[in-house]
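Notes for the one structure printed next.
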Amino acid sequence: MNFKRSISISMALALLLVAGCAAHMRNPKEQTRSLAYGYIDMSDAPTEADVVIIRQQQPKPENNNPYRKAKGVSGVFWFDQLTPGSYQIAGFRGDSFWRGKYEYFLPELEENGTQFTINTPGLHFIGSFKFNNKGSYFNLKFDVGKTTTPSEGELLGRLLPYSVGTQWEQMIRQRMLELKP
């Protein structure tokens with residue numbers, strides 16, 4: 001009986017370790033890659049944003065798939081392998097034990113206020129956004145607007161633990177020093 005319990009505990013710990021690593025940054029595959037990061041305040045939403053999806057507008061991606069996914073952690077999200085180009089947030093997903101799974105889609109062909117461009121490799125702050133609920137529990141309507149909190153410096157402080165041991169770590173630390181008053 002103790003053997004089965006010990007195996008169960010070991011497997012549970014291994015799953016937690018793997019899940020925790022899934023949110024860790026990776027070193028850039030090439031020197032042309034960038035780390036783009038932002039924040040979505042989901043306090044008015046039924047769920048957190050567990051996954052954030054962006055769509056590459058220009059240039060057309062080589063693999064014909066314009067979508068990129070990033071893990072979200074407490075509102076913070078990042079894309080650590082972006083190539084130069086123009087992008088916009090296309091949507092995000094969230095999951096709640098009590099409320100189930102939600103997918104939030106933003107208009108892709110219109111201005112949705114989440115566009116950003118990467119011209120040079122390095123760090124790129126996409127911005128901080130707020131989910132604004134415009135509907136009801138049964139009729140989800142929303143928009144996403146820009147906000148000033150958290151600031152870029154505060155967000156970098158939240159990102160730092162996920163960058164430890166990568167090439168991004170030193171770049172984040174340097175940018176945090178530049179942003180200090």
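The values are calculated or read from the model by the stated rules, or taken from the named source; none is laboratory data. What you are looking at is a predicted structure, and each value in this text was computed from that prediction instead of being measured. Methodologically, a virtual Cβ is constructed for each residue, glycine included, from the backbone with ideal geometry; neighbour enumeration extends over all protein chains shown.
Every listed requirement among (1) farther than 20 Å from Asp143 by Cα; (2) touching a Ser or Thr at 6+ places or on another chain (Cβ under 8 Å) is met by Tyr87 save one, (1). Filtering region 72-109 to residues that are among the aromatic types (Phe, Trp, Tyr) and out of contact with any strand residue (DSSP E or B) (no Cβ under 6 Å at 6 or more places or on another chain) leaves Phe97, Trp98. The strands (runs of 3 or more DSSP E) falling completely within region 38-93 that include 3 or more residues that are closer than 19 Å to Gly157 by Cα and in contact (Cβ under 8 Å) with a residue 24 or more places away in the chain map to 67-73, 76-82. Quick one: in region 92-126, of everything that is surrounded by 14 or more Cβ atoms within 10 Å (Cβ to Cβ) and aromatic (Phe, Trp, Tyr), which residue is nearest to Trp78 (Cα to Cα)? The extreme case among them is Phe125.
Strands (runs of 3 or more DSSP E) fully within region 97-170 that include at least 2 residues being at negative phi, at pLDDT below 95 and of a type in the set (D, E, K, R): 100-105, 142-147.
Of all residues in region 58-83, those satisfying the criterion of being under 15 Å from Ile126 (Cα atoms) and more than 11 Å from the chain's Cα centre (by Cα) are Gln81, Leu82, Thr83. Among the residues of region 1-37, the one identified as among the hydrophobic types (A, V, I, L, M, F, W, C), at pLDDT 85 or above and part of a loop (DSSP other than H, G, I, E, B) is Met25.
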